[in-house]
Amino acid sequence: ISDVKMPGKMDGEDVYWKVKAKDEKIAKRIIFITGDISDEIRIFLEKYNILHIRKPFRIKDYLAVVSEALNRKS
């Protein structure tokens, strides 16, 4: 679980590509949390079928996306 936007040199997209390079099964289970769905971020999330949840979120929605991530097939 990671935020899309982070301070410093690495953002969520960088995290995704680094994880994917090491383990594609884990990359399929990444969940991004974001309060900003710009077109660029939306396209990235949709293109690679990346799970995400928008801030603010309810606990039941958070638990649903975590359950979906855990149930994803490799």
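The values are calculated or read from the model by the stated rules, or taken from the named source; none is laboratory data. The structure presented is a predicted model; accordingly, all values stated were derived computationally and were not measured. Neighbour counts are summed over all protein chains in view; Cβ atoms, including those assigned to glycine, are modelled from backbone coordinates with ideal geometry. Ligands, DNA and RNA are excluded from the accessible area calculation, which covers all protein heavy atoms including side chains. Shrake-Rupley method; radii C 1.70, N 1.55, O 1.52, S 1.80 Å.
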**the chain - percent relative contact order, Cα under 8 Å, separation 6 or more** = 31 percent
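For the chain, what is the accessible area per residue in Å² when the probe is 1.4 Å? Show your work: numbers first, answer last.
Working: 5340 Å² over 74 residues.
Solvent-accessible surface per residue comes out at 72 Å².
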**Asked** Hey, what number do you get for the chain at 222 nm if only DSSP H runs of n ≥ 4 count, each worth -39500 (n - 2.57), divided across all residues, to the nearest 500?
**Response** -14500 deg cm²/dmol
**Fill in**
Karplus-derived 3J(HN,Hα) from phi for the stretch 25-34 (6.51 cos²θ - 1.76 cosθ + 1.60, θ = phi - 60°), whole Hz, x at Gly and Pro, runs 5, 5, 4, 5, 9, 5, 10, 9, 10, 8
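Give, as a single signed number, the net charge of other residues whose beta carbon lies under 15 Å from the beta carbon of SER67, with Lys and Arg counted +1 and Asp and Glu -1. Could the numbers behind the result be given before it?
Numbers: positive: LYS28, ARG29, ARG58, LYS60, ARG72, LYS73; negative: ASP61, GLU68.
Once positives and negatives cancel, what remains is +4.
Pop out the carbon and sulfur fraction of the accessible area of the chain as a percent, whole number, probe 1.4 Å. Walk me through the intermediate numbers first.
Details: 2880 of 5340 Å².
The computed percentage sits at 54.
Assigning unit charges at the beta carbon (Lys, Arg +1; Asp, Glu -1) and nothing else, what dipole magnitude in debye, to the nearest 20, does the chain show about its Cα centre?
Working: 16 positive and 12 negative charges, 68 e Å.
With Lys and Arg at +1 and Asp and Glu at -1, about 320 debye.
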